[in-house]
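Below is one structure, written out as structure tokens, with a few remarks after it.
The values are calculated or read from the model by the stated rules, or taken from the named source; none is laboratory data. If you're wondering where the values come from, they're calculated on a predicted model, not measured in any experiment. Here the Cβ positions follow ideal geometry from the backbone for every residue, glycine too, while neighbour counts run over all protein chains shown.
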Amino acid sequence: MTNTSPTAPRRIRFLAVAALAVVTGLVGTGCSGAPVEQDSGGGAAQAAECVSDDECSGGFCSADGRCEAECSTNDECAPGEHCSASGVCQSTLEVPNQPSGNACAPSLAPISETVEVEVPVETIEEVVVTTEVSVTPTVMLLVDRSGSMAWKVDKNREDAPSGESRWDVVNEALFNAGDGLVKQLENDVAFGLVHYTDGGSSADTCVGFSQELDQLAFATGNYDNLAQLAGGLSPKSHGQTPTGESLEHAAAMLSSTTSEGQKHLILVTDGMPDTCDHPNADLDFGSAEHEAAKKLVVDAAGEGALSNVTVHVIGIGPDGTSTHFEEVATAGGGVFASARTDSGVYTAFASVLEDIRTETHVEEKTVTSIETRTETQLTCRLDISFANGADAARFATDGIVSTGGQEVDGALWRLNADGELELLGDACGEYLASGEAVTAALGCALEPVR
């Protein structure tokens with residue numbers, strides 16, 4: 001085999017192990033050992049007298065003092081053995097018609113070209129991929145139903161004509177069948193609706209919510225139910241504004257709801273809050289009860305934010321510009337919008353809902369990436385040639401390979417179909433680096449093995 005390496009070719013020395021490669025005494029083959037007469041069955045016809053096995057040229061010394069053959073036919077030997085001319089079972093490791101001498105001992109053979117083989121190697125890597133996806137947010141509309149919602153939008157303490165009150169303008173902005181914002185966004189947002197007030201001046205308890213409103217589920221495509229619910233209600237005469245307690249209750253409802261996207265609560269109110277215990281706290285500016293009522297609302301918004309509920313505020317009318325509402329929105333992580341005119345109500349809702357509708361959610365997922373690359377693997381191919389001219393590609397059998405006097409791991413060498421010995425991986429690299437001779441003890445079979 002031609003060596004195309006730029007360096008001078010080295011040679012491999014193959015040594016035969018006697019147990020594997022040497023068979024003696026075959027008639028007609030010229031192997032060593034004295035021939036004996038052979039019977040027609042291929043075994044030996046021995047009749048010499050003896051005292052011990054050493055006096056017999058083959059077989060063994062029997063009890064009656066005569067040399068007896070171990071076998072007379074090949075069938076009497078184990079698999080992989082044959083009956084020799086001297087009547088002894090021997091390993092079948094000879095090539096037929098071989099020339100005289102130790103024909104199974106390989107001669108020196110040149111080292112073939114060292115080849116660099118490109119082999120595919122898969123690298124598996126897990127990476128976190130971040131993507132932005134559109135989601136469906138859930139929105140609770142928490143609307144003040146106190147008595148002042150019957151007033152005109154731009155004036156306090158002045159009742160509005162039918163269809164022009166703060167209540168009517170809010171419902172028109174949200175539920176108008178043509179351009180109402182809930183109608184426009186019902187497929188993009190899961191809406192829910194709650195109105196709040198107390199029991200009126202004659203009541204000694206704070207109702208907060210009606211049972212019908214509490215049971216309204218959040219859903220997309222919910223416009224008809226919401227419009228019907230809101231259209232059947234009106235501001236409660238002398239109703240108060242327990243915003244803090246109402247916000248706590250609504251935020252808890254929203255927090256417990258399963259939602260694909262972010263949860264938002266939009267508080268719609270037109271004045272200062274009072275409480276269930278102090279229904280007139282909104283009128284006593286500067287009092288401890290008044291400050292406590294405001295603080296309760298701010299705290300409720302903050303608690304909502306901690307429960308993943310973003311609280312926004314839309315202030316209606318002249319009192320809707322109060323810094324108190326800004327504080328509530330800030331605590332709730334949301335935005336504040338003021339509406340002092342009829343058109344301003346629609347604009348305030350549109351600005352808050354548009355930001356909510358276009359909300360995106362960042363998703364992270366782990367992706368397994370498989371990259372195929374190539375790397376260089378050294379392969380050393382070494383020619384095998386037997387002294388008797390036997391074709392190593394057909395007759396060479398396994399044995400022992402050593403380099404620098406050290407036996408090579410059987411997994412790091414092989415006999416290939418071309419009659420070559422291959423050193424693989426580390427064995428090849430160590431051989432090239434050391435320059436030590438490679439020796440091998442191989443057998444050659446009686447019958448072809450390839």
Taking ALA339 as the residue in question, decide whether it is in contact (Cβ under 8 Å) with a residue 40 or more places away in the chain and of a type in the set (A, V, I, L, M, F, W, C). yes
Looking at (1) modelled with pLDDT of 85 or more; (2) over 41 Å from the mean Cα position of the chain (by Cα); (3) of a type outside the set (Asp, Glu), find the lone condition where THR136 falls short. (2)
Checked region 280-316 for anything out of contact with any strand residue (DSSP E or B) (no Cβ under 7 Å at 6 or more places or on another chain) and either surrounded by 24 or more Cβ atoms within 10 Å (Cβ to Cβ) or not assigned by TED's automatic domain parsing to the domain that holds THR347 (or both); matches are ALA281, ALA293, VAL297, ALA300
Kindly list, by first and then second residue, each pair from a residue in region 172-183 that is touching a residue at least 60 places away in the same chain (Cβ under 8 Å) to a residue that is buried (at least 20 other Cβ atoms within 10 Å of the Cβ) and among the hydroxyl-bearing types (Ser, Thr, Tyr), limited to pairs with Cβ atoms under 6 Å and residues at least 6 apart or on different chains. ALA173/TYR346
Among the residues of region 52-87, write down those that are at positive phi and at pLDDT 80 or above. GLY65
If we ask which residues in region 335-361 are touching a helix residue (DSSP H, G or I) at 6+ places or on another chain (Cβ under 8 Å) and either under 21 Å from THR243 (Cα atoms) or surrounded by fewer than 21 Cβ atoms within 10 Å (Cβ to Cβ) (or both), their number turns out to be 12
Residue hits (region 185-222; in contact with a Lys or Arg (Cβ under 9 Å, 6 or more places away or on another chain) and at pLDDT 90 or above) are LEU185, VAL189
Could you please find all residues in region 315-341 being more than 39 Å from the chain's Cα centre (by Cα) and outside any helix (DSSP H, G or I)? GLY315, ILE316, GLY317, SER322, VAL335, PHE336, ALA337, SER338, ALA339, ARG340, THR341
Counting only residues that are in a strand (DSSP E or B) and among the hydroxyl-bearing types (Ser, Thr, Tyr), which one in region 130-170 is surrounded by the most Cβ atoms within 10 Å (Cβ to Cβ)? THR138
